[in-house]
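Worksheet: one structure, shown below.
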Amino acid sequence: MRISYNPLWKMLIDKGMNKKELRELSGISTASMAKLGKGDNITTDVLLRICTALNCQISDILETLPDEETKNNED
C-alpha cells in the first residue's frame with residue numbers, strides 16, 4: 001500500500017488555495033511541503049497541522065492505494 005495526497009490537492013483547488021498559502025496557514029516547513037508534493041511519507045504531526053488549518057479529517061486529505069507490485073500480483 002502507498003499513500004496518495006491527491007484528495008489534499010483537490011481540496012486546495014476547491015478552496016482556491018495554493019501550496020504556499022497552505023504552508024503558511026498550517027505552519028509546516030517547505031521540506032514537508034516538498035515531501036507532500038512527491039508523495040513521500042510525512043509525520044502525523046504534519047497531517048494534523050494541515051487538518052487543523054483546513055478544518056477537515058485526515059481521511060479528507062489522503063487515500064491509500066495498492067502498490068504496483070501488489071496490483072500486478074493480483075492479476
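Annotations for the structure displayed:
- Correct option for Cα Rg over 2.2 N^0.38 Å [calculated from the coordinates] among (1) 1.17; (2) 1.27; (3) 1.01: (1)
- Here the sum of -39500 (n - 2.57) over DSSP H runs of 4 or more residues, divided by the residues of the chain, equals -17000 deg cm²/dmol at 222 nm, to the nearest 500.
- Under the simplified labelling scheme, the ASN6-LYS38 pair shows an inter-label distance of 2.1 nm, with each label point 7 Å from Cα along Cα→Cβ.
- Solvent-accessible surface of the chain, taken per residue with a 1.4 Å probe and all protein chains present: 68 Å².
The values are calculated or read from the model by the stated rules, or taken from the named source; none is laboratory data. Not measured: the values here are computed from a predicted model. As a convention, Cβ positions derive from the backbone with ideal geometry for all residues, glycine included, and neighbour counts pool all protein chains shown. The accessibility values were calculated without ligands, DNA or RNA, using every heavy atom of the protein model including side chains. Shrake-Rupley method; radii C 1.70, N 1.55, O 1.52, S 1.80 Å.
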